[in-house]
Amino acid sequence: MTLIATESLTKRYGGTVTALADLTVAVEPGIIGLVGANGAGKSTLIKILLGLLAPTSGRVRVLGLDPTTDSAAVRARVGYMPEHDSLPPDLTAAELVTHLGRISGLPRTVARERASEALRHVGLYEERYRPVGGYSTGMKQRVKLAQALVHDPDLLLLDEPTNGLDPAGRDAMLALVHRIGTEFGISVLVCSHLLGEVERICDTLVAIDGGRLLRADHISAMTTSTDVLAVEVSEGTEDLAARLTALQLPVTRDGRLLLVPLADDATYDLILGAVAELDLPLHRLDQRRHRVAELFATREPSHV
Amino acid sequence: MSEPTGVIHDIGYQRYTGPRLGRRHVFGALYLHGLRTAFGLGRSAKAKIFPWLVIGIVTLVAAGVTAVRSQLGEVVMTYAQFADNMSWLVIFFVAVVAPELVSRDLHSGVLPLYFSRPLPRGDYALAKLAALGSALWLLLGAPQLVMFLGAAFTTKDGMSGVWDELLDLLPGLLYAALWAVVFASVGLLIASLTGKRAFAAGGVVAVFLMTAPIVGILSIMPSRTVNELAMLGSPTALVHAVGQYTLGDLLVPGGQTGNQLGGFGPLYVAVAVLLVAACVALLFARYRKVAAR
């Protein structure tokens, strides 16, 4: 079954601003990463999937249902975690998640049980009886995830779930999302502007830019070609570039950095050897995290 | 070292296969939540102070009126008049509770969590409106019940006395419902325009109190028609005028005043209905816009 399918989906605001342009994409169940720069149309797409916005033209199906005509049925089976702060500070996490569970149609006692379960799954235990206003950003993100999970949806829509988290918090959140997608058996659509983050957990990647589809593919097909090593030396950048080119490595300049595609571990040795031979002070040598910008750089000019 | 006697098993994630309730239950859940919020139940102690202070005052007034009547045999105020005399408290109650119900949700950004669920946005507005209306009706109706019980137990005419009291009470409760509906729809609409509770409270008070002088000015204009239409000038006066027209001497004991409304009674009723309808329509329009954001 196709999880989400769109056909020439277009959304214009007020006839002038185009948020989505002729977007056609179909994805299978699993963990889907939706990447794009700010303003690429990610949030607009999510709102259309939830039936909160009507598309200007085109068709869309979520879990085999049409959110423009059957939005209540879609929303009953979908959990949504918004990007922005969305928790009333004076309620406790347990009260809030229970209440929202009831709004999703759970009976009273079931809502209470499932709220405790959902909060436990996201890693909130005794804290859940304290008002949300006193929570850290990481805990608030967890509560937002728990409320999306409380009614046992078939699809989770997560809008920037790692927003505002420190590196450890990001890793924990991503691990949690990965667990939901694999162990819980719930499909997840993760929105992010950081390709490096979502590529670690998702099966399918959908990249959009300016409301247009850039690429939609399995993660394996997408990342192998974009692994890149960044080399920085304090002096002699030119010499090193020349030497590496002589070693048949396709070097590109990026400011003070040299970018070398990472074929295998031998690439490290070749670069280190070249630096040592030229006796250059090496500042850094690291594997670059992929950013959406790199996807944009490799796109065909016809898209511009 | 002893062996652990109990082991906590992580049973993992459980899918839910039980019933999912329909729109009516969801509406009911939101309505009840709103009604509890109105009286500060399930909230911090600070949130309980104001509603219960107001409830204390109206109950005290009702008890006092009942006591005076049973001891001295003097009717201080009728059931319907009770609502009129409490109008200031009602206004302040709306000014505090309406922002509590809707402005807080706007401010904290919790609305996307509601609207991403199978809850039609009109239902959200309607549930909040019903909650505020019920809270106001309880606020005005419960003390009338106290007055009724006091009168019924001290009546000297036996069952027919109780029956007469009941016939007086029912219009009083209906009049309280009119207050509740008009004040809830106007107050909630104003509060739904801003996420800042202080602004919302100020707006509600301003609309209800600042319009009172308009009525005063219109009623001393040198035209009889304008005088008779003066009470259209503010929601408070409008409710009072509808009460005068429909309840007559239950609200304005006989002979005290001439007919202030002239022949415009039906017009007042129509304006009251239109006012409520317009407020509800605007409230729906407001939430259609909020939900799409």
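The values are calculated or read from the model by the stated rules, or taken from the named source; none is laboratory data. Just so it is clear, the model here is predicted, and its values are computed rather than measured. We place every Cβ from the backbone using ideal geometry, glycine too, and count neighbours over all the protein chains shown.
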Worksheet, complete the sentence: All conditions in (1) under 22 Å from the mean Cα position of the chain (by Cα); (2) at positive phi are true of B:Gly73 except (1)
Worksheet item: From A:Pro161, A:Pro167, which residue is buried (at least 18 other Cβ atoms within 10 Å of the Cβ) and either closer than 28 Å to A:Val110 by Cα or not basic (Lys, Arg) (or both)?
Response: A:Pro161
Worksheet, complete the sentence: Conditions (1) modelled with pLDDT of 90 or more; (2) farther than 30 Å from A:Leu124 by Cα -> A:Gly41 fails only (1)
Discussion item. One residue is enough: does region A:124-132 have a residue meeting the conditions within 23 Å of A:Leu96 (Cβ to Cβ), surrounded by 16 or more Cβ atoms within 10 Å (Cβ to Cβ) and within 14 Å of chain B (Cβ to nearest Cβ)?
Written reply: yes
Worksheet item: Inside region B:100-126, can you point out the residues that are among the hydrophobic types (A, V, I, L, M, F, W, C) and either at pLDDT below 90 or outside any helix (DSSP H, G or I) (or both)?
Response: B:Val110, B:Leu119
Fill in: Sole residue being away from chain B (no Cβ under 11 Å) and in a loop (DSSP other than H, G, I, E, B), chosen from A:Thr18, A:Thr10, A:Thr68
A:Thr68
Item to complete: Those residues that are facing another protein chain (nearest Cβ under 7 Å) and either out of contact with any strand residue (DSSP E or B) (no Cβ under 7 Å at 6 or more places or on another chain) or at pLDDT 95 or above (or both), I need them from region A:81-94; list them, please.
Response: A:His84, A:Asp85, A:Ser86, A:Leu87, A:Pro88
Worksheet item: If you take the residues of region A:96-110 that are at the interface with chain B (Cβ under 7 Å from one of its Cβ atoms) and part of a helix (DSSP H, G or I), which of them is nearest to A:Lys144 (Cα to Cα)?
Response: A:Leu100
Item to complete: Take the residues in region A:133-156 that are closer than 28 Å to A:Leu63 by Cα, surrounded by fewer than 24 Cβ atoms within 10 Å (Cβ to Cβ) and among the hydrophobic types (A, V, I, L, M, F, W, C), then tell me which one is farthest from the chain's Cα centre (by Cα).
Response: A:Leu155
Worksheet item: Is region B:72-80 home to any residue that is part of a helix (DSSP H, G or I) and either within 14 Å of chain A (Cβ to nearest Cβ) or over 22 Å from B:Phe208 (Cα atoms) (or both)?
Response: yes
Fill in: Inter-residue pairs, beta-carbon under 7 Å, first of a type in the set (Asp, Glu) and in region B:163-189, second part of a helix (DSSP H, G or I), 6+ apart
B:Glu165/B:Phe148; B:Glu165/B:Ala151; B:Glu165/B:Ala152; B:Asp168/B:Tyr79; B:Asp168/B:Leu250
Response to the item:
Those helices (runs of 4 or more DSSP H) completely within region B:190-283 that have 3 or more residues that are farther than 30 Å from B:Gly109 by Cβ are B:212-219, B:224-229, B:235-247
Item to complete: Could you figure out which of (1) in a helix (DSSP H, G or I); (2) touching a helix residue (DSSP H, G or I) at 6+ places or on another chain (Cβ under 6 Å); (3) not hydrophobic (A, V, I, L, M, F, W, C) isn't true of B:Asp164?
Response: (2)
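Considering only helices (runs of 4 or more DSSP H) fully contained in region A:114-222, which possess at least 3 residues that are free of Cβ contacts under 8 Å to residues at least 40 places away in the same chain and not hydrophobic (A, V, I, L, M, F, W, C)?
In region A:114-222, A:137-149, A:167-182 are the helices (runs of 4 or more DSSP H) which contain 3 or more residues that are free of Cβ contacts under 8 Å to residues at least 40 places away in the same chain and not hydrophobic (A, V, I, L, M, F, W, C).
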